Ligand code: HEA
Ligand code: HEA
Ligand code: CUA
Ligand SMILES: [Cu+2]
């Protein structure tokens, strides 16, 4: 292939497969939340198709990439794509952080009678005092305790920060073409991610079983589980992505110049890292 | 900037798949653009049919045709279908077709993902429209889906939310693709300040899309968990607040309305210079004005919620911020007028729609300014005055610009000239009736008729009747539009490459119809082909 | 070809002019000036702003149509070459800014007036339900529900066979009106029980949302006796269109009499002359319990038509 030509595949069959998969998945999910008996099955089937699509699609991309079909312009397009995708994820989390700030700065104080909420408190929720954490004036979900930030969550913060470092070390190794080190640091990163998820899972169980803290624990439970939950899902995704990358590294797919797949996953991982930092500060500490 | 030519890989040109596979598997920006446009046209009729149900019920006081619950479903679905199904895909379709042609790119930056973003749409709308046939009915809480009302919806709410997720995913991917294409695939010499304004407005629109579609996804996800998983984001008893939803929704919703108008500004900025045979006046200030509107759109959202009981300071801030938008928008209007000024104008159908846009959008914008005046908004809010406002900016704004664009580029797409006489009739017919349809709604709102009601007090009868007549006449007039497109696709007078005497820009340098693959070898762009000069002389 | 075009254009322009002028003059159903100082402020503000934007529109369209008429290719007009003019652009940035300031100043003044809620002489708590209103006079200890009037309700059913035009105040009449004294500073405390509603009486000059779990404040000072009608203005479900509001403004003396009558009627067990405020409030609570199921039953009956 001539250098400097932009690769446009003639046809693409995976997108439509992915669409059908997502469609089935969404039907399944919608049935599932409505307690429809077939929901989980549809959801699983749809997910399976989506996963199949991912493998097929990425296999095509990897084949083309290995075949030297991509020039620097294609590479730049991929980079743009990944950057903007991460930006969209940032905005997704922003919605939930926005909800957290709104509750803490505005709605809970109003319910407690601050500012324009004087009559709200007096007429509807007499006796409710604004505080954080709270499950609201109706004390939804019953008494609960929170997870202290400077215990496991701090450990988890350390773990994720460390994983950011190990990932950078892996990148350096890649840039110096030290494949052994690269693979080592990659697996170390994935391992740290898994430990993080494990601790997070343990915390959830602890919260539900011992602390009385659930999704139903008013606004605190809602924001806590939605933020940490979506973060957890992103860590899981990131870890899977890194695993695929690690396998590709073992197979020697990347060169020290040409390794966009690696970088994309690394950006994603760092993004997940930063979200956690914000989470740690605003959900656990302050 | 990259120098781009298409790889001459295995099954290029010759072996292009045919039949259904051609459309299902296509990675070609022109084919995908066509898919988007056809989908959008279908959705326009679906949403329009729902509007006609609304207008038929509102023809006379008393309930005649539908029960109130179904009426609310129609209102909700009409808006969702029109916004997410008709206007947005139409603009994405136009971007798909025209952006690569305008910047000299061989295709979109991420062709496979392009296919994906399109095909999600029909499936998302299948999910959405299917709720009409579910026992609990379609969503009936307005397109804004305010809780707690929306949470009273039955099982179908989950389908609606997931459908919105799918639309969001599609829009985000589409937007990423457009940004990557514009930033990355321009032909040599096509500097940012030589790009046609349509490309500029889409660049900024794509940014808005990526910034706010995820916020909508977050908002409806919270609805989902409040409804099905016991969270209390929007429940005061648990420390949340129903108004929180409105803040998040409108943080999406306001930029969303500019998502539906910025590309329109771009289209009009292409058409008016062409038919005035004069370069666009104030190109650079047009670009800055677009950016300013986009920036401001992030800090005005609460003007949709002046009646929820915000602190005084917040109301003042949102009022001032909203009013300021008149300045960059005014710059655009004045620049268009200045472009026409001392031009050599002719009035083919695209120009007629563009001129109709300028006048009628301005009327809609001016009523927007009235709405922004908080004390007066206490009276206008949730009345038909608002309905009149947003249909002026949406129907005679967004939809008119899309129609202008279709007439403008149809010869380029099909290779044939459309029937000019019918096009002109379409314009005049639409313009008369659309005003009969929406202008009286101003009076209704001022006289105190609330929106989203299936029945009304008798003093509102006359204007509602007029409006309904206008609605049906306008609606049926759109069948002519379909006929004209159909006729033009089948044949007719051959179109030249340049098509319009005054047209400038790369898209007019390729033959009509534009071959499947264009700019395999990037063209060299200098001031002579560029629509705009980047120097200020 | 030419002739037909001109014909179409002519007809279009004529139709537009007929609709616009007929709307403005013949029917005259513009915004109401209302009966409170605030509603009158809003009305004037509305007129000022409407005037300003109309003038802007006329100027812009005049410039545009002048160009359209003169600078035509069919008249052999040659296109000029200019593409920008910094001077012009500065002018049409600056002038709109000035116009906006002219509009923002009175708007700010009126808004600040409106938002000073202190000094209330009486408090009325308004609660929205699907689909009726509850009014509680906090000081007077009166509480009742207010739902769509029977006649309207019967006529509004699909296939009722009743022409709405024969029903007096179709959809704008209730069973129990909100009686308020004139020339009194009244504070409203608005909330809702189920979903968001919005309390809107155009003659008072504002609407405000009634939000479940939150209390919103607004106030009014009615200067003229009369009956003022409005409707719920936030989509609240199937019968959103059928929860009207009727305010009956009476003189303070008549209001006192009405209050006395209500107390006599409702608080049957109440000993005469119970001036003690605490007792009144207690009675109010009792009444609420008495009235609520009653009105609810009535409402259920109503909505079955
Ligand atoms: C394409 C879509 C679109 C566009 C472009 C706009 C543009 C504007 N809109 Fe509109 N709006 C909607 C779509 C849109 N809107 C929709 C859908 C809703 C209702 C949503 C719902 O509730 O369902 C809505 C509702 C809405 C409200 C809330 C009403 C309510 O519910 O109470 C407000 C309030 O401020 C508002 C204001 C404005 C303003 C100030 C502009 C400005 O951008 C307009 C600027 C333009 C001009 C001003 C004209 C040209 C300028 C000049 C000629 C210069 C000189 C002018 C002056 C100095 C004044 N809009
Ligand atoms: C881009 C967006 C868009 C567009 C194009 C339109 C187009 C139209 N809209 Fe609307 N509309 C909205 C966006 C839009 N609307 C929004 C956001 C709302 C607010 C919803 C809410 O409150 O939540 C709304 C609400 C709304 C209302 C208020 C409803 C209420 O408050 O209860 C009304 C009432 O008249 C209305 C009417 C119309 C009409 C008559 C058209 C016409 O322009 C339509 C033209 C008609 C056709 C194109 C029909 C063609 C069909 C045929 C010829 C029949 C043949 C049929 C088949 C082939 C199936 N719309
Ligand atoms: Cu109550 Cu609408
Ligand atoms: Cu807005």
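Bear in mind these aren't lab numbers, they're just calculated from the coordinates by the rules spelled out. Given the structure is predicted, the values throughout are model-derived calculations rather than measurements. Backbone-built Cβ (ideal geometry, glycine too); neighbour counts: all protein chains shown.
Note: relative contact order over the stretch A:1-70, using C-alpha pairs below 8 Å and six or more positions apart, is 34 percent.
Whole-percent P(r), chain A, all Cα pairs, 5 Å bins from 0: 1, 5, 9, 11, 14, 14, 13, 11, 8, 6, 4, 2, 1, 1, 0, 0.
Roughly what % of Cα-Cα distances in the stretch C:122-250 sit above 25 Å, to the whole percent?
Working: 1766 of 8256 pairs.
The answer is 21 percent, as a whole percent.
With respect to chain B, whose longest principal axis is taken over its alpha-carbon atoms, helix B:156-184 is tilted by about 30°.
Calculate how steeply helix A:260-279 sits against the longest principal axis of the alpha-carbon atoms of chain A, using the helix alpha-carbon long axis, and give the answer as 0 to 90 degrees to the nearest 10. Helix A:260-279 sits roughly 10 degrees off the main axis of chain A.
Here the simple spin-label model places points 7 Å from the Cα toward Cβ, and for residue B:420 and residue A:138 these points are separated by 6.7 nm. In this simple spin-label approximation, residue C:158 and residue C:63 carry label points 7 Å from Cα along the Cα→Cβ vector, and these lie 5.2 nm apart.
Taking the convex hull of the Cα atoms, report for chain B its projected area averaged over all directions, in nm².
Values: hull surface 99.2 nm².
Mean shadow area of the hull around the Cα atoms is 24.8 nm².
Between the alpha-carbon centres of the stretch C:139-214 and the stretch B:367-381 there is a gap of 23 Å.
Taking a ≥ b ≥ c as the square roots of the Cα gyration tensor eigenvalues, with a/c under 1.5 meaning rounded and otherwise prolate when a/b beats b/c, else oblate, which class fits the protein assembly as shown? It comes out oblate by the Cα gyration axes. Counting Cβ atoms of other protein chains within 10 Å of each Cβ in B:455-465 and taking the mean gives 5. The modelled label-to-label distance between residue A:48 and residue A:118, using points 7 Å beyond Cα along the C-beta direction, is 6.4 nm.
Across the stretch B:344-480, the relative contact order, built from alpha-carbon pairs under 8 Å that are at least six residues apart, equals 31 percent.
Can you give me the relative contact order of the stretch C:122-250 as a percent, contacts being Cα pairs under 8 Å and 6 or more apart? It would help to have the intermediate numbers written out before the result.
Working: 338 pairs, mean separation 36.8, N = 129.
Reported as a whole number, the value is 29 percent.
Counting only alpha carbon atoms, the long axis of helix B:283-296 and the longest principal axis of chain B meet at about 30°.
Once you average over the residues of B:440-453, how many Cβ atoms of partner chains fall within 10 Å of each Cβ?
Details: counts 5, 0, 5, 9, 2, 1, 7, 7, 12, 2, 11, 4, 6, 9.
Mean shielding by partner chains, rounded to a whole number: 6.
Hey, quick one: spin label on residue C:85, modelled 7 Å out along Cα-Cβ, who in the stretch B:272-288 has an amide N within reach, i.e. under 12 Å? Correct set: B:282. Between the C-alpha center of the stretch C:109-131 and that of the stretch A:144-181 there is a gap of 55 Å. What base-10 log of the normalised intensity I(q)/I(0) is obtained for the stretch A:1-70 from the Debye formula, alpha carbons as equal point scatterers, at q = 0.16, 0.21 Å⁻¹? Computed log10 I(q)/I(0) values: -0.62, -0.81.
Can you grab the distance from the C-alpha centre of the stretch B:43-58 to the C-alpha centre of the stretch B:271-346, Å, no decimals? Result: 30 Å between the Cα centres.
The Rg/Rh ratio of the stretch B:280-412, with both radii computed over alpha carbons and Rh defined as the Kirkwood radius, is 1.03. Among A:267, A:172, A:125, the largest mean-square fluctuation in a Gaussian network model of chain A, built with springs joining Cα atoms closer than 10 Å, belongs to A:125.
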